[in-house]
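Let me begin by presenting the structure, written as structure tokens, before commenting on it.
The values are calculated or read from the model by the stated rules, or taken from the named source; none is laboratory data. Keep in mind it's a predicted model, so treat the numbers as computed, not measured. Neighbour counts run over all protein chains shown; Cβ positions are idealised from the backbone, glycine included. Accessible surface is based on the protein model in full, side chains and every heavy atom, while ligands, DNA and RNA are left aside. Shrake-Rupley method; radii C 1.70, N 1.55, O 1.52, S 1.80 Å.
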Amino acid sequence: MNDNRCISIIGLSSLESLGMRFALRESWNGRIETFSSFEEFIPFAEKMDAFIVSSDIYACNIDFFLPRKQKTLLISRVAVNRDHPSGYNIISNNWDLAEIKGTLDRLISILENSEEPKGELSAREIDVLRLIAAGKLNKEIADTLCISVNTVITHRKNLSSKLGIKSASGLSLYAMMNGII
């Protein structure tokens, strides 16, 4: 595990932040930074590897967090079942410490198994993303960009890896929300 990695805690109360730090201390060797607001956090955003965030901050800044969904943990202040079908990493105020630690361990496992951040999308990845959003098939994208179908597939894999979005509709939504199309 890279001890330089950092989990950010955003928009939680002081007591909630202390609780998260306590729950993380046994299994996390990296840094933990706490921010009271999204505005305070944003100058440091690119240096962060994972996010523990209040659901209201997440909702107000979904365009930032959605591409980072895999590495974002929502803190819900309303009761949520542990097996909630939303696909989001969630901790609820009605969970016990063992459930919270289990969810945090899953987030840490995602960080440990992921590669170092790969940076921004390349110009060619943006070209491919635009064509995916336009509903083009791999062969059509390859013909339009004068590249092989295998290269298109590689760009799609890189997009999915960088953005944490696997479906064409999800990639299209991302492109639309971020002004790419």
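So the values come out like this:
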quantity	calculated
Shape of the chain, Cα gyration tensor, a/c cut at 1.5	prolate
Sites excluded, trypsin sites (Lys or Arg not before Pro) in DSSP loops with at most 11 other C-beta within 10 Å, longest stretch of the chain	26-117
GluC sites (Glu not before Pro) lying in DSSP loop within the range 99-177, provided at most 10 other Cβ fall within 10 Å	E115, E120
Across K71/K139; K71/K101; K69/K139; K47/K139; K136/K166; K47/K166, pairs whose alpha-carbon gap is larger than 26 Å	K71/K139; K69/K139; K47/K139
For the chain, size of Cβ-based charge dipole, Lys and Arg +1, Asp and Glu -1, in debye	440
Residues with amide H under 5 Å from that of V80, placed H, sequence gap 5 or more	N93, N94
The range 1-63: GluC sites (Glu not before Pro) in DSSP coil with no more than 15 other Cβ atoms inside 10 Å	E26
Within the accessible area of the range 99-181 (1.4 Å probe), percent carbon and sulfur	53
Average accessible surface area per residue within the range 40-181, 1.4 Å rolling probe, Å²	55
Amide hydrogen neighbours beyond the local backbone of L121, cut-off 5 Å, H modeled	none
Ellipticity estimate at 222 nm from DSSP helix runs (n ≥ 4, -39,500 (n - 2.57)) divided over the chain, nearest 500	-13500 deg cm²/dmol
Check: the range 29-112 dipole with +1 on Lys, Arg Cβ and -1 on Asp, Glu Cβ, in debye	160
